[in-house]
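S.K.: Provided herewith is a single structure, encoded as structure tokens, for subsequent inquiry.
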Amino acid sequence: IQAEGYLQMARIEKDASNYDLAIQIFNKALNIYEEVKDKLNYSTTLIEIGRVYTEQNELDKSLDVYRVALKHFQATNNQPQIAKTLGPMGTIYRKVGNYKLAEENYLQAIKLHQEIGNQQAEAIIQGNLGALYQNQGYFQKALVHLNQSLKLNQQVGNSKLVATILGN
């Protein structure tokens, strides 16, 4: 329960853009989860830290913690968490110009989201992959994934993303 309190406090600090303080508090939760050997919450807290690093544009640090979390999720074969980790990693790889790794992460995330039936998450990653291809000038590939994202977003009722896609 104490670790959950730290998580809530850290999220508030993150939302207030107090990133260094947020990371300090997230680390307190990490230490508790490590002590009690709670690998799932340990890894999900790493994801939270990765998001903070991403917001600070410390992409190398973000990738480092995402990789550790991904290894933990893979060790327990936690498919939903693996998929949720691969997507943001793909986005970071795209931001740093490593389009090959971005594509690989997005494709793996899409496959896993399809297998577990998470259409909403798949729609987002399809859109990200479409944008990646569009940025590289692969317009036909981009259209395939943007259309798939549009279709999925319509199915799940995400009108905001439907409008975004149609605006592209």
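The values are calculated or read from the model by the stated rules, or taken from the named source; none is laboratory data. The structure displayed is predicted, hence computed values, not measured ones. Here the Cβ is made from the backbone with ideal geometry for all residues, glycine too, and neighbour counts use every protein chain on show. In case anyone asks, the SASA skips ligands and DNA or RNA and just uses the protein heavy atoms, side chains included. Shrake-Rupley method; radii C 1.70, N 1.55, O 1.52, S 1.80 Å.
S.K.: Going by what's in this entry, would LEU86 be described as open to solvent by less than 20 Å² (accessible area, probe 1.4 Å) and part of a helix (DSSP H, G or I)?
M.R.: yes
S.K.: Right, here's the next one. Any idea which of ASP38, ASP15 is more than 23 Å from VAL96 (Cβ to Cβ) and open to solvent by less than 50 Å² (accessible area, probe 1.4 Å)? I'd like the intermediate steps shown before the answer.
M.R.: On the way: ASP15 fails: open to solvent by less than 50 Å² (accessible area, probe 1.4 Å).
One residue alone meets the criteria, ASP38.
S.K.: Something else: Can you confirm whether the range 132-148 contains a residue that is under 16 Å from the mean Cα position of the chain (by Cα) and part of a helix (DSSP H, G or I)?
M.R.: Within the range 132-148, one or more residues are under 16 Å from the mean Cα position of the chain (by Cα) and part of a helix (DSSP H, G or I).
S.K.: Quick one: LEU40 ticks every box in (1) out of contact with any Ser or Thr (no Cβ under 6 Å at 6 or more places or on another chain); (2) assigned to a helix (DSSP H, G or I); (3) at pLDDT 95 or above bar one, so which box is it?
M.R.: Going through the list (1) out of contact with any Ser or Thr (no Cβ under 6 Å at 6 or more places or on another chain); (2) assigned to a helix (DSSP H, G or I); (3) at pLDDT 95 or above, LEU40 breaks only (3).
S.K.: Considering (1) over 29 Å from GLN119 (Cα atoms); (2) open to solvent by 80 Å² or more (accessible area, probe 1.4 Å); (3) in a helix (DSSP H, G or I), say which one ALA3 fails and leave the rest.
M.R.: Just one mismatch for ALA3, condition (2).
S.K.: Being at negative phi and touching a His at 6+ places or on another chain (Cβ under 7 Å) narrows it down to one of ALA131, ALA109, ALA142, ALA83, so name that one.
M.R.: Of ALA131, ALA109, ALA142, ALA83, the one residue that is at negative phi and touching a His at 6+ places or on another chain (Cβ under 7 Å) is ALA83.
S.K.: Something else now. If the Cβ limit is 7 Å and pairs must be 6+ apart or interchain, which residue in the range 55-66 that is of a type in the set (Val, Ile, Thr) pairs with which residue that is open to solvent by 20 Å² or more (accessible area, probe 1.4 Å) and at pLDDT 95 or above?
M.R.: VAL65/TYR53
S.K.: Please work out which residue is farthest from ALA75 (Cα to Cα), limiting yourself to the range 1-58 and to residues that are among the small types (Gly, Ala, Ser) and over 21 Å from the mean Cα position of the chain (by Cα).
M.R.: GLY5
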